[in-house]
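> Take a look at this one; I'll ask things after.
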Amino acid sequence: MRKQLFNVGAILQGLGITFKYMFAKRPTIEYPSIKKQHAPRFHGLHELRRYADGKERCIGCELCSSACPANAITVIGAENSPDARVSPGERRAASYEIDELRCIFCGLCEEACPTDAIVLTPRFEMADYRRGAFVYSKDRLLVPTDAGVGTPPDERPNGIPADLGRVAEVKSTTNVDRGYSATHRGEVLKTERKGLAG
Amino acid sequence: MLVIFVKSAVLLLVVVTTFAYAMLFERKILGWMQLRPGPNRVGPWGLLQPAADAAKLILKEDLTPKTADPLIYRLAPFISLLTAFAVYAVVPFGANGDGSPWAIGDVNAGILFLMAISSIGVYGISLGGWASGSKFPLLGAVRGTAQMISYELSMSLSFVGVLMLAGTTSLTGIVNAQERLWFLIPQALGFVIYVITAVAETNRTPFDLVEAETELVGGFHTEYSGLRFGSFFIAEYVNMLTVSCIATLLFLGGWNAPFGLTLVPGLAWFVLKVGAFMFFYMWLRATLPRFRYDRLMTFGWKVLLPLATLNLVATAAWVALH
Ligand code: SF4
Ligand code: SF4
């Protein structure tokens, strides 16, 4: 004990360290105003994609909902009426809901989907005061008709979406430039899906 | 009479503003030392943070536990606050050309008044903790009382060396006696003892066993909320300012300029020295972990007290021989 009580040297050394750190570069990213670059294959909020002609890709097959380990997806399929087609095939999703509070963002729904309809975007800011607001139905999941087709899963963008704000100039933990499609798995998926994508 | 009132009001304002910004700077400095930016959201550079904190404290609900002694529970924060502010009645901040000090009252036993008032401050802590009627505050109060008694002894002894060298108990007289040489140099040991005991007296890290967030959940003020908690909080920072002022007056030459740099006014030197001491306080808080209780006591009684006595005897011998 005597040794610890009189260890003035250690105290001085400690004071020196804290003083030095006062002038060190701080790694803080001031989040709401500046955002950190996420990893290339980051899983965020879902999106239902469209074909170039504006038709919905989803055919209401419920494969995503059976693949989902968290039981977050509820799909109710229905027949397409020939005069007002919603999707190209026979069937469509009459209702499509994802409970983002149940979702664990595993991406299995995206892998299960035969038409690349459901994909995960890098968006992650979904906070709300009401529980109900986390159940996303088709009106919020579908890409708006004037916003293109949505992003194919193999070509998921690496940057923060432009409307989400300023990105921090901190090095990301992953190589941002290489991205999703350059990985081996991405290449395989791409070739496998060639025939399906319309 | 009126002059005294105006002086007191101005001083009160200055002390409260200093408290508010000492708190902000403490959080900033702690942040920097821990690689964080510190508060920076309210106002430019976080400068309005104290106002936001004050508004929050005022709006909070004021709770009194069922088991509390209602009168003493309500009284305790004011004892802390009053004694913390009362000290400034005798603290001089500078001197006119004719040697009359800038203080509300020029008491010729200023240092004794200071010690008397500041030892009443512990009543706020012990009564508050006891009257809360719950276990953590009681433990905090008991610790606080024991700690104050143990460390006040060594603190007083470290003052006596200075008093002997200066030959006066007037704070102005002590500062004037340091015109050529700060007491920091002949009383180096006394200064070290004072710095340590001052940290203990104001219950700050590494001697914050009275609050001890991790074990006592805030210690003596666990049950307090709103402005009553705020009073304790203000008292802690004002006490910190007080011990910094005392250190400056007794050991760092008060408003005397070092190295004959008399171009800079005395008040600026005073503020600078007090500021440096306050910074040292925050620096300590960012660096050192809390003492264990038995070590605190061992250190106080078996190390500090003998050292303070030794310092006293040595100073007395030196004064007697000259
Ligand atoms: S990401 Fe995973 S958990 Fe979320 S909806 Fe898709 S399959 Fe379910
Ligand atoms: S999103 Fe894909 S998997 Fe899910 S129902 Fe629609 S087509 Fe089927």
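The values are calculated or read from the model by the stated rules, or taken from the named source; none is laboratory data. The model shown is predicted, which means the values in this text are computed figures rather than measured ones. Ideal geometry is used to build each Cβ from the backbone, glycine not excepted, and the neighbour counts take in all protein chains shown.
> With respect to B:Trp32, is the statement that it is within 14 Å of chain A (Cβ to nearest Cβ) and surrounded by fewer than 17 Cβ atoms within 10 Å (Cβ to Cβ) true?
Against the criterion (within 14 Å of chain A (Cβ to nearest Cβ) and surrounded by fewer than 17 Cβ atoms within 10 Å (Cβ to Cβ)), B:Trp32 does not qualify.
> While we're looking at this one, here's another question. Test each condition in (1) within 14 Å of chain A (Cβ to nearest Cβ); (2) touching a residue at least 40 places away in the same chain (Cβ under 8 Å); (3) surrounded by 13 or more Cβ atoms within 10 Å (Cβ to Cβ) for B:Thr298 and report the one that comes out false.
Failed condition: (2).
> Let me ask something additional. Do you know which residues across the stretch A:67-110 are near ligand 1 (Cβ under 8 Å from one of its atoms) and basic (Lys, Arg)?
A:Arg102
> Return a yes/no flag: does the stretch A:84-98 have any residue that is over 24 Å from A:Thr151 (Cβ atoms), away from ligand 2 (no atom under 16 Å from the Cβ) and not in a helix (DSSP H, G or I).
yes
> Follow-up. Quick one: count up the residues across the stretch A:99-129 that are assigned to a loop (DSSP other than H, G, I, E, B) and within 15 Å of ligand 2 (Cβ to nearest atom).
Of the residues in that region, 9 qualify.
> Return the residues of the stretch B:269-300 that are under 18 Å from B:Thr202 (Cα atoms), part of a helix (DSSP H, G or I) and of a type in the set (Phe, Trp, Tyr); say none if nothing qualifies.
Scanning the stretch B:269-300 gives B:Phe277, B:Phe279, B:Phe280, B:Tyr281, B:Trp283, B:Tyr293, B:Phe299.
> Please find, within the stretch A:48-62, the residue that is farthest from A:Glu97 (Cα to Cα) out of those that are within 11 Å of ligand 2 (Cβ to nearest atom) and surrounded by fewer than 20 Cβ atoms within 10 Å (Cβ to Cβ).
So the residue we want is A:Cys61.
> Would you confirm whether any residue within the stretch B:59-76 is within 14 Å of chain A (Cβ to nearest Cβ) and at pLDDT below 85?
no
> Considering only the stretch B:134-147, I want to know if a residue exists there that is in contact with a Gly (Cβ under 8 Å, 6 or more places away or on another chain), within 21 Å of B:Tyr194 (Cβ to Cβ) and either surrounded by fewer than 20 Cβ atoms within 10 Å (Cβ to Cβ) or among the small types (Gly, Ala, Ser) (or both).
The answer is yes, given that some residue of the stretch B:134-147 is in contact with a Gly (Cβ under 8 Å, 6 or more places away or on another chain), within 21 Å of B:Tyr194 (Cβ to Cβ) and either surrounded by fewer than 20 Cβ atoms within 10 Å (Cβ to Cβ) or among the small types (Gly, Ala, Ser) (or both).
> Do the conditions hold for A:Arg91, that is, is it without any contact (Cβ under 8 Å) to a residue 24 or more places away in the chain and more than 20 Å from A:Arg41 (Cα to Cα)? Walk me through how you get there before you give the answer.
Working: without any contact (Cβ under 8 Å) to a residue 24 or more places away in the chain: no; more than 20 Å from A:Arg41 (Cα to Cα): yes.
When the stated conditions are applied, A:Arg91 does not pass them.
> In the stretch B:269-293, what count of residues is obtained for those that are under 20 Å from B:Thr214 (Cα atoms), more than 9 Å from chain A (Cβ to nearest Cβ) and either in contact with a strand residue (DSSP E or B) (Cβ under 7 Å, 6 or more places away or on another chain) or not hydroxyl-bearing (Ser, Thr, Tyr) (or both)?
Number of matching residues: 6.
> Residues to consider are A:Ala78, A:Ala67; find the one that is under 30 Å from A:Arg130 (Cβ atoms) and within 11 Å of ligand 2 (Cβ to nearest atom).
Matching residue, one of A:Ala78, A:Ala67: A:Ala67.
> Filter the stretch A:8-58 down to the residues that are of a type in the set (Phe, Trp, Tyr) and away from chain B (no Cβ under 14 Å) and list them by number.
A:Phe42, A:Tyr51
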